[in-house]
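Structure first, commentary second.
The values are calculated or read from the model by the stated rules, or taken from the named source; none is laboratory data. All values reported here derive from a predicted model rather than from experimental measurement. Quick reminder, even Gly has a Cβ in these numbers, built from the backbone with ideal geometry, and neighbours come from all protein chains shown.
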Amino acid sequence: MRIDLTKPGGATLAEVRQLLASKDDSEHRQLRVTDSRIAYLSDEVGSENIGGLCFRFETWQQGNGYCGP
């Protein structure tokens, strides 16, 4: 799942909840935002494949409950 942050009201609470629930907590994840302002959860973490990113958050370690239903 991806959230287009350029849309007016594009990051509603419901959309953020859906984004976080779209991946389970069995692997490390990273919330990233592209230069074109698309937010998504990445399976690639750290400094892997960061070309075209506006920013990324700290890696969420697996098993901590940061994402998943």
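General observations
- Applying the criterion of being farther than 19 Å from Leu20 by Cβ and acidic (Asp, Glu) to the residues of segment 33-69, the residue that is modelled with the highest pLDDT is Asp35.
- Of residues in segment 1-50 being under 12 Å from the mean Cα position of the chain (by Cα) and of a type in the set (Lys, Arg), the one nearest to Gln62 (Cα to Cα): Arg29
- Inside segment 20-45, residues that are loosely packed, with under 14 Cβ neighbours inside 10 Å and small (Gly, Ala, Ser) make up a count of 3.
- Pairing each residue of segment 8-21 that is closer than 18 Å to Gly65 by Cβ with any residue that is part of a loop (DSSP other than H, G, I, E, B) and hydroxyl-bearing (Ser, Thr, Tyr), provided the two are 6+ apart or on different chains, yields C-beta distances under 9 Å for Leu20/Tyr66.
- Residue list for segment 58-69, restricted to those being surrounded by fewer than 13 Cβ atoms within 10 Å (Cβ to Cβ) and either touching a residue at least 60 places away in the same chain (Cβ under 8 Å) or under 11 Å from the mean Cα position of the chain (by Cα) (or both): Glu58
- Residues satisfying the stated conditions in segment 47-69, i.e. part of a strand (DSSP E or B) and either of a type in the set (A, V, I, L, M) or in contact with a Phe, Trp or Tyr (Cβ under 7 Å, 6 or more places away or on another chain) (or both): Leu53, Trp60
- The residue that is farthest from Leu5 (Cα to Cα), counting only those in segment 51-69 that are hydrophobic (A, V, I, L, M, F, W, C) and out of contact with any Asp or Glu (no Cβ under 9 Å at 6 or more places or on another chain), is Phe57.
- Segment 33-46, residues that are farther than 14 Å from Cys67 by Cα and either assigned to a loop (DSSP other than H, G, I, E, B) or touching a Phe, Trp or Tyr at 6+ places or on another chain (Cβ under 7 Å) (or both): Val33, Asp35, Ser36, Arg37, Glu44, Val45, Gly46
- Among the residues of segment 1-19, not a single one is surrounded by 15 or more Cβ atoms within 10 Å (Cβ to Cβ), charged (D, E, K, R) and assigned to a loop (DSSP other than H, G, I, E, B).
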